[in-house]
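J.: The structure under discussion is supplied below as structure tokens; questions concerning it will follow.
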Amino acid sequence: MSDETKPNGSGDTSSVAAAVSAADAGGTPATTIEIPREKLTKKAITADHPTWCPGCGDFAVLASFYKVLEKRNLDHEKIVTLAGIGCSSRFPYFVNGHGAHFIHGRAVPLASGISLARPDLNVFLFGGDGDGFSIGGNHLNHGARKNVNLVYFIMDNFVYGLTKKQTSPTSPIGFKSKTDPTGAIDQPVNPMKQLVSAGATFIARTHATQVKHMMEMIERAFDHQGFSVIECLSECVEFYPDVFDPADPRKGGSFELIQEKKWDNTPEDELRHDVTDELAAYKLAQLPFPGVFGVFYQSDRPTKNALEKKWIETTRAKTGNASDLELLQKTFDRMK
Ligand SMILES: Cc1ncc(C[n+]2csc(CCOP(=O)(O)OP(=O)(O)O)c2C)c(N)n1
Ligand code: SF4
Ligand SMILES: [Mg+2]
């Protein structure tokens with residue numbers, strides 16, 4: 001792990017305090033008043049009433065996210081939720097915190113800017129398969145290769161829900177939609193393969209009916225420094241019902257978990273998955289639908305946040321720690 005500071009701000013709830021400094025007119029030293037923080041509750045982070053169709057998988061994602069925020073007791077003012085456009089991208093409306101429902105497919109650059117400019121914030125990005133892999137596909141690849149520190153949760157329903165049933169980049173061949181009335185003919189994107197090849201440093205897969213697993217994946221993504229992506233199969237009950245039943249034990253399917261290596265020198269461990277092995281992640285990603293769930297890949301490559309911080313500090317040191325204004329003035333002087 002690199003030496004960068006975790007922004008997460010979670011930890012000992014009782015000792016978290018806000019500091020208020022004050023100095024009197026006589027110039028006596030500032031006093032610090034400790035104000036104990038209230039524990040972050042679901043009530044505090046709940047905003048608008050979700051407007052999804054009854055039964056939409058995205059409700060469970062929202063509930064899991066609330067639970068993780070509550071559990072990790074993040075500083076409320078440091079929570080940022082962002083999204084593009086789509087049913088799933090309505091997410092920030094339902095979280096009481098800083099956030100934006102941004103342009104279709106452009107949430108990764110927005111989130112990257114916020115993460116880089118304010119590394120102390122916890123940046124959570126939400127969206128759909130269309131937003132992430134279609135119009136935003138190129139931004140996704142660049143966010144991944146730059147390894148910007150954020151958590152990106154993709155609610156994959158294999159369809160464009162908001163615009164009422166068009167083929168999405170993850171729709172399987174044969175899916176009948178308004179854009180493919182005789183059935184989709186294009187090879188779908190394989191999210192896990194794309195993310196591994198693009199350079200994301202935490203890549204996981206979960207299912208909206210498996211709340212415990214979903215929460216575990218969100219927490220692990222959150223604890224990871226870097227571009228952390230979770231693909232979550234989240235059913236669109238309106239335009240592609242029952243498609244994820246093969247991975248739902250309550251509907252006769254099987255939710256198969258990735259068995260991660262324990263590094264315990266046992267023969268069984270030989271067969272377990274090494275999350276740092278790209279080729280092994282590819283192999284798991286090739287398994288036929290519904291595939292397996294859990295962490296496919298994780299590496300501790302330095303984040304853009306850490307590299308940029310180092311570069312700024314080195315450059316500042318070279319200028320004798322000149323202020324922004326002094327640097328600007330020097331640049332203007334050179335142009336005279
Ligand atoms: C530039 C632009 N192009 C197209 C649209 C129309 N549009 C809005 S949401 C969407 C697709 C949403 O699909 P997805 O991201 O999978 O989200 P879902 O609704 O399925 O959760 C499209 C094509 C738009 N809003 N802006
Ligand atoms: S259209 Fe589909 S994705 Fe959109 S809210 Fe309804 S069920 Fe959810
Ligand atoms: Mg979709």
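Derivation of every value follows stated rules applied to the coordinates shown; laboratory data play no part. None of the values given here were measured: they were computed from a predicted structure. Every residue, glycine among them, receives a Cβ derived from its backbone with ideal geometry; neighbour counts consider all protein chains shown.
J.: Calculate log10 I(q)/I(0) of region 187-233 for q = 0.29, 0.32 Å⁻¹, where I(q) comes from the Debye formula with a single equal point scatterer on each Cα and nothing for solvent.
T.: Calculated log10 I(q)/I(0) at the listed q: -1.05, -1.14.
J.: Based solely on its DSSP helices, what 222 nm [θ] is calculated for the chain when runs of n ≥ 4 H residues each add -39,500 (n - 2.57) and the sum is averaged over all residues, nearest 500 deg cm²/dmol? Present the calculation step by step, with values, prior to reporting the outcome.
T.: Details: 10 runs with 100 residues, N = 336.
Helix-only estimate at 222 nm: -8500 deg cm²/dmol.
J.: Kirkwood hydrodynamic radius for region 104-172: how many Å is it when counted over pairs of different Cα atoms?
T.: By the Kirkwood definition, the hydrodynamic radius is 12.4 Å.
J.: As an exercise, use a Förster radius of 51 Å and the Cβ-Cβ distance of Lys71 and Met335 to find the FRET efficiency, rounded to the nearest 0.05. Don't skip to the end; give the middle numbers.
T.: On the way: r = 54 Å, r/R0 = 1.05.
Efficiency at R0 = 51 Å is approximately 0.45.
J.: If you build the convex hull over the alpha carbons only and average its shadow over all orientations, what do you get for region 224-336? Give it in nm² to one decimal.
T.: Values: hull surface 58.0 nm².
That works out to 14.5 nm².
J.: Sticking with this structure for a sec: How are the C-alpha pair distances of the chain spread across 10 Å bins, as whole percents from the shortest bin up?
T.: Calculated P(r), rounded to whole percents: 5, 23, 31, 22, 11, 6, 2, 0, 0.
J.: Could you give the length gained by full extension between Ser197 and Lys42, i.e. 0.36 nm per residue of separation minus their alpha carbon distance, to one decimal place? Each step should come with its number before you reach the end.
T.: Working: separation 155, 0.36 × 155 = 55.80 nm, distance 3.69 nm.
The Ser197-Lys42 span can extend by a further 52.1 nm.
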